[in-house]
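Everything below concerns the one structure shown next.
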Amino acid sequence: MIQRFVFVFLPAFTAFLSLFAVPLTVARAGEVNVAVAANFTAPMQKIAPMFEADTGHKAVLSFGSTGKFYAQIQNGAPFDVLLSADDTTPAKLEQEGQGGGGKDGRYTYAIGTLVLWSKQPGLVDAKGEVLKRGQFDKIALADPRLAPYGAAAVEVLTALGLLDALKPKFVQGQSIGQTHQFVATGNATLGFVALSQVWAPDEQGGKLKEGSFWRVPANLHPPIRQDVILLKTGRDNLAAVAFLQYLRGEKARAVIRSFGYGLD
């Protein structure tokens, strides 16, 4: 009788505990406030819902220039994580005591690709010779003081010996997102943007959404290494720690690759 009682009781008790499994998981779910460099908007909009579906945690996203995020963080903005467009800003924040610490608290999540893009088909050639011809009214680039892609664009024009000649035609965006808008709306004939902004991933490897572009050779500017950093405000946030782990997982990396970024 005793043996039979134990046999019946244990499955019943296990079933009873299982009723609480889902509520306990939900109770542990949280939110992470993520500052995202504008060039990484499209990939992050795909990764965020995947992160929520797989972990239960929600990523609350803000998009903008790395320079502006740096200033906001210095002034106490409650971001838990920064996805920077460079590697120097996260390193600086860490040195200034704004980092969340830990061996996995800062790493390179993507290596950016700079392109010269126009909404007009056939305008930008495969070698960027359109820059030398100068037959355009305005060329857009992000403010190099705020946006690493803008700084890379200046490096390219300097290497080509065209910086002084083209300066009068500059239209500067506060972020790479605004720079893309200048070209997309026709306020600039062409501009330097991130490949991810004009690229449509597909099963065949992706294609240009519209217009024409030149993929800038990597030897014309320093590598655009983009680092993520866990900030001190997110140090004790389980959702923030989970986000950094998720970003370097294969699901997220597949999305990053699909938008034309390099990976370490």
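Quick one: which of 158, 179 is part of a helix (DSSP H, G or I) and surrounded by 21 or more Cβ atoms within 10 Å (Cβ to Cβ)? Of the residues listed, the single one that is part of a helix (DSSP H, G or I) and surrounded by 21 or more Cβ atoms within 10 Å (Cβ to Cβ) is 179. Taking every residue in the stretch 231-248 that is closer than 16 Å to residue 108 by Cα and pairing it with any residue that is open to solvent by 10 Å² or more (accessible area, probe 1.4 Å) and hydroxyl-bearing (Ser, Thr, Tyr), at least 6 positions away or on another chain, the pairs with Cβ-Cβ distances below 7 Å are 246/55; 248/107. Considering every residue within the stretch 106-121, establish whether at least one is touching a residue at least 60 places away in the same chain (Cβ under 8 Å), in contact with a His (Cβ under 9 Å, 6 or more places away or on another chain) and not β-branched (Val, Ile, Thr). Yes - at least one qualifying residue is present in the stretch 106-121.
Applying the selection to the stretch 70-88, what residues are open to solvent by less than 20 Å² (accessible area, probe 1.4 Å) and either among the polar types (S, T, N, Q) or out of contact with any Pro (no Cβ under 8 Å at 6 or more places or on another chain) (or both)? Don't jump to the end; show me each part of the working.
The initial filter retains those residues of the stretch 70-88 that are open to solvent by less than 20 Å² (accessible area, probe 1.4 Å), namely 73, 80-85.
Across the stretch 70-88, the qualifying residues are 73, 80, 81, 83, 84.
Just one of the listed residues (92, 103) is without any contact (Cβ under 8 Å) to a residue 40 or more places away in the chain and closer than 25 Å to residue 251 by Cβ, and it is 103.
Going residue by residue through the stretch 250-257, is there one that turns out to be closer than 20 Å to residue 109 by Cβ, of a type in the set (Val, Ile, Thr) and assigned to a helix (DSSP H, G or I)? First the steps, then the outcome.
First pass over the stretch 250-257, keeping only residues closer than 20 Å to residue 109 by Cβ: 250-257.
If we keep only those that are of a type in the set (Val, Ile, Thr) too, we end up with 255-256.
Filter once more, so that each one left must be assigned to a helix (DSSP H, G or I): 255-256.
Within the stretch 250-257, one or more residues are closer than 20 Å to residue 109 by Cβ, of a type in the set (Val, Ile, Thr) and assigned to a helix (DSSP H, G or I).
How many residues are in a loop (DSSP other than H, G, I, E, B) and open to solvent by less than 70 Å² (accessible area, probe 1.4 Å) if we restrict to the stretch 192-226? Residues that pass the stated criteria total 8. Of the residues contained in the stretch 228-238, none is found to be farther than 26 Å from residue 73 by Cβ, open to solvent by 20 Å² or more (accessible area, probe 1.4 Å), in a loop (DSSP other than H, G, I, E, B) and at pLDDT 95 or above.
Among the residues of the stretch 89-118, those identified as assigned to a strand (DSSP E or B) and open to solvent by 20 Å² or more (accessible area, probe 1.4 Å) are 106, 107, 108, 111.
The values are calculated or read from the model by the stated rules, or taken from the named source; none is laboratory data. In this text, all values refer to a predicted model and were calculated from it rather than measured experimentally. Using ideal geometry, Cβ is built from the backbone for each residue, glycine included, and neighbour counts are taken over all protein chains shown. Remember, those area values only see protein heavy atoms, side chains included, never the ligands or the DNA or RNA. Shrake-Rupley method; radii C 1.70, N 1.55, O 1.52, S 1.80 Å.
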